[in-house]
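*Asks:* Let me give you the structure first, and then I'll get to my questions.
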Amino acid sequence: MNWLILIVAGLFEVGFALCLGKARETTGVASWFWLAGFLLSLTISMVLLFKAIQTLPIGTAYAVWTGVGAAGTVLVGILLFHEPVNFWRIFFLSTLIFSIIGLKFFGSH
């Protein structure tokens, strides 16, 4: 169950990165709403990460959390912010995802 909590925490990390990107693109009240979403996503992500490390090794949990967040943020950047897509970017994103899977299966006892 804590692996699922950890993945959801990583998805909220993607959420706070998305909110930062949208806050950058907006002005006025809209920007403040995106910043509020950032703070909410950040808080939820940290609370869930804390919950997950109650039974998972912190090194593994932190690596998976940042990996899910990094991979998800790259995908959000490509899909929503029109960031560049090229062979090497996809290659290294794939290696990151395979590393996250490896840590899940071989990173805890």
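*Asks:* What are the extents of the Cα atoms of region 2-106 along their three principal axes, in Å, largest first?
*Replies:* 46, 36, 16
*Asks:* Rank Leu49, Leu75, Leu11 by mean-square fluctuation in a GNM of the chain with C-alpha springs under 10 angstrom and give only the top-ranked residue.
*Replies:* Leu75
*Asks:* Going by amide H atoms built from the backbone, whose H comes under 5 Å of the H on Glu83, apart from near neighbours?
*Replies:* Ile78
*Asks:* Sticking with this one: Return Phe12, Phe38 ranked ascending by Cβ neighbour count within 10 Å, so the fewest neighbours appear first.
*Replies:* Lowest to highest Cβ neighbour count: Phe38, Phe12.
*Asks:* Can you pull the one-decimal nm distance between simple spin-label points at Ala63 and Ile78, each 7 Å off the Cα toward Cβ?
*Replies:* So the two model labels end up 2.3 nm from each other.
*Asks:* Please sort 82-88, 29-35 by packing, taking for each peptide the average over its residues of neighbouring beta carbons within 10 angstrom, highest first. Intermediate results must be reported in sequence, preceding the final value.
*Replies:* Details: 82-88: 8.9, 29-35: 13.3.
So the peptides 82-88, 29-35, ranked by packing, come out 29-35, 82-88.
*Asks:* Relative contact order of the chain, please, whole-number percent, based on alpha carbon pairs below 8 angstrom and at least 6 residues apart. Show your work: numbers first, answer last.
*Replies:* Numbers: 113 pairs, mean separation 36.2, N = 109.
So the answer I get is 33 percent.
*Asks:* Counting Lys and Arg as +1 and Asp and Glu as -1, each charge on the Cβ, what is the dipole of region 2-106 about the Cα centre in debye, to the nearest 20?
*Replies:* On the way: 5 positive and 3 negative charges, 20 e Å.
Charge dipole of region 2-106: 100 debye, to the nearest 20.
*Asks:* Quick one: order Thr55, Thr66, Thr27 by neighbouring beta-carbon count within 10 Å, fewest to most. Mind showing how you got there, number by number?
*Replies:* Details: Thr55 12, Thr66 15, Thr27 9.
Least to most surrounded, the residues fall as Thr27, Thr55, Thr66.
*Asks:* So what are the ³J(HN,Hα) numbers for region 69-80, from phi and the Karplus equation (6.51, -1.76, 1.60; θ = phi - 60°), rounded to whole Hz, Gly and Pro as x?
*Replies:* Each residue's phi maps through the Karplus curve to give x, 5, 5, x, 5, 4, 5, 4, x, 5, 6, 9 Hz.
FYI, it's all coordinate maths here, none of it is from the lab. In this text the structure is predicted, and so the values were computed from the model without any measurement. Virtual Cβ from ideal backbone geometry, glycine too; neighbours counted across all protein chains shown.
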